[in-house]
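Trainee: Sharing a structure below in structure tokens format, with a few things to ask.
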Amino acid sequence: MSTGYQIKVQDAPYYLTLQVVDWVDIFTRDVYKRLIIDNLRYCQQNKGFEVFAYVIMTNHIHIIVRSLTNNLSGTIRDFKSYTSKELLKQIALETESRRDWMLDIFSKAARQHERNSQFQLWSHENHAEQLWSNEFICEKIDYIHQNPVRAGIVSKPEDYIYSSARNYAGMEVVLDVVVLTRKWKTFK
């Protein structure tokens, strides 16, 4: 079921939320977050994917991106397909204490949609919002960077390793992004 939040202009910048089905907290382990980082980097290097801001939370990812190849929908589809397969492999291989529980949820989710096979890790919705002004872009960047603070993971956005807040604060990062010109601020 479509909610109206769709990618309509394939080369425009978008704010996206990629959600794990049933809000399963899969990204509590670094190995899973690193897999996401590695695939974002792959998309940057091989698919014309510009990343402006991101955060990997326990059960979803917020990201601001644009496609330089006029194929944002295709790149997001490929990203979700590949990461889903690789995350499911990792869950099966790792000493994942929640393996059976997670696979059961992903299996039930797959049975709800005829276009899935055995498992569904990502929800089908991307909650895509086209970014149309500098003010709106800054609002979304701030929202993304504040996520780990609101969740109680860190006290300052730039302290969270799996976020572009570190890029905007001029710190060491795990993923390079296109830093938009704006004044950095630490929220209180």
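Each reported figure results from applying straightforward, stated rules to the coordinates on display, with no laboratory input. Source: prediction; values computed, not measured. All Cβ positions, glycine included, derive from the backbone under ideal geometry; neighbour counts span all protein chains shown.
Trainee: Measure nothing fancy, just the Cα-based angle from helix 99-111's long axis to the longest principal axis of the chain, in degrees from 0 to 90, nearest 10.
Mentor: 90
Trainee: Counting alpha carbon pairs within less than 8 Å and at least 6 residues apart, what relative contact order, in whole percent, applies to segment 14-168? It would help to have the intermediate numbers written out before the result.
Mentor: Numbers: 204 pairs, mean separation 47.6, N = 155.
With pairs under 8 Å counted, the relative contact order is 31 percent.
Trainee: Here's a follow-up. Kindly put His62, His124 in sequence by how many other C-beta atoms sit within 10 Å of each C-beta, fewest to most. Could you put the intermediate results ahead of the total?
Mentor: Values: His62 23, His124 14.
If I rank by nearby Cβ atoms, fewest first, I get His124, His62.
Trainee: Taking the Cβ-Cβ separation of Thr181 and Arg150 as r and a Förster radius of 22 Å, what is the calculated FRET efficiency to the nearest 0.05?
Mentor: Values: r = 25 Å, r/R0 = 1.15.
E(calc), rounded to 0.05, equals 0.30.
Trainee: Quick check for you: which residues of segment 5-43 have the amide N under 16 Å from the point 7 Å beyond the Cα of Asn59 toward its beta carbon?
Mentor: Counting backbone N atoms under 16 Å from the label point, the list is 17-29.
Trainee: For segment 67-114, build the convex hull from the C-alpha positions and give me its volume per residue in Å³. Kindly include the intermediate steps, with their values, before the conclusion.
Mentor: Values: hull volume 4.0 nm³, N = 48.
Per-residue hull volume (Cα only) is 84 Å³.
Trainee: Mind jotting down a quarter of the surface of the convex hull over the alpha carbons of the chain, in square nanometres, one decimal?
Mentor: The number I arrive at for the chain is 10.9 nm².
Trainee: What nm distance separates the two modelled labels at Arg99 and Lys85, each placed 7 Å from Cα along Cα→Cβ?
Mentor: 2.1
Trainee: Taking only Cα atoms, what is the 0 to 90° angle, nearest 10, from helix 30-46's long axis to the longest principal axis of the chain?
Mentor: Tilt relative to the chain: about 70 degrees.
Trainee: So for the pair His124, Asp11, with labels modelled 7 Å out along Cα→Cβ, what separation do we get in nm?
Mentor: Result for the modelled spin labels: 3.0 nm.
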